[in-house]
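The values are calculated or read from the model by the stated rules, or taken from the named source; none is laboratory data. This is a predicted model, so every value here is computed, not measured. Cβ sites come from the backbone with ideal geometry, for glycine too, and all protein chains shown count toward neighbours.
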Amino acid sequence: MRDNHGMAAARISVVIPARDEEALLARAVGSVETDAEVIVVDGCSSDRTREVAASRGALVLSSPPSRGVQLEAGVGRARGDWLVFLHADTWLEEGWAEAIRALEAGVVGGAFRFAIDAPGRGYRLLETAVALRCAILRLPYGDQALFVRRTALDRVGGIAPLPLMEDVDLARRLGREGCLAFLAPRAFTSPRRWDRYGLVGATLRNWCVLALYAAGVPPARLARLYAPPKAGPS
């Protein structure tokens with residue numbers, strides 16, 4: 001692939017950790033498959049997650065069910081200059097790859113614009129709150145599809161093998177390393193967690209987990225408290 005100046009365009013690899021995500025995975029892969037190498041790292045699924053990923057042409061790897069470990073396995077096989085970490089219930093808006101390739105050399109990583117794949121004023125308010133968090137704290141979360149330069153990821157020590165909070169850990173280390181970019185294309189995530197817990201309940205649950213993590217509670221224990229809802233259509 002070449003850019004508008006005839007130069008070789010930066011290669012992008014998308015790593016998707018998944019477990020029992022047959023219902024939503026095809027859309028995630030389909031949103032990125034034409035612009036990137038796609039690697040799905042399956043964490044011992046009991047459904048057709050692996051078959052769905054393979055049917056879309058993704059490279060399918062196996063790993064213990066831990067998001068950090070799964071991401072680490074995907075990074076080990078990825079060939080891209082840029083790495084994108086996409087949740088299996090999230091899909092990227094058109095133009096995402098061009099936005100990454102247009103970034104200046106000083107940018108070490110970042111995330112996309114958070115969006116919830118459902119109508120409703122409450123969801124729009126939540127999207128606004130996330131945008132404010134990113135603008136003020138410069139702290140993106142994994143449901144915004146974090147991306148990172150391969151060289152920067154190597155410098156900060158790679159992905160921590162955590163079952164939860166691996167996104168916050170990585171974002172903080174990258175923020176200390178250099179500039180983070182927040183790109184305009186949206187990362188649409190399934191509303192299933194808010195459908196299950198409600199807008200207020202899900203938000204309080206997230207804040208509680210973050211507070212416990214900041215207080216030093218081990219991520220393995222937090223992962224048991226934060227067991228995600230079962231996969232389902234958005």
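A few notes on this one:
- Per-region count, segment 192-208, residues over 13 Å from Y226 (Cα atoms), modelled with pLDDT of 90 or more and touching a helix residue (DSSP H, G or I) at 6+ places or on another chain (Cβ under 7 Å): 1
- The lone exception for F182 - which of (1) in contact with a helix residue (DSSP H, G or I) (Cβ under 6 Å, 6 or more places away or on another chain); (2) surrounded by fewer than 20 Cβ atoms within 10 Å (Cβ to Cβ); (3) at pLDDT 90 or above; (4) assigned to a helix (DSSP H, G or I) it fails: (4)
- P119 passes every criterion in (1) within 23 Å of A23 (Cα to Cα); (2) out of contact with any Leu (no Cβ under 8 Å at 6 or more places or on another chain); (3) not in a loop (DSSP other than H, G, I, E, B) apart from (3).
- Search result, residues across segment 18-36 that are closer than 25 Å to P163 by Cβ and among the charged types (D, E, K, R): R19, D20, E21, E22, R27
- Among (1) closer than 18 Å to F147 by Cβ; (2) free of Cβ contacts under 8 Å to residues at least 60 places away in the same chain; (3) surrounded by 16 or more Cβ atoms within 10 Å (Cβ to Cβ) - the single one E93 does not satisfy: (2)
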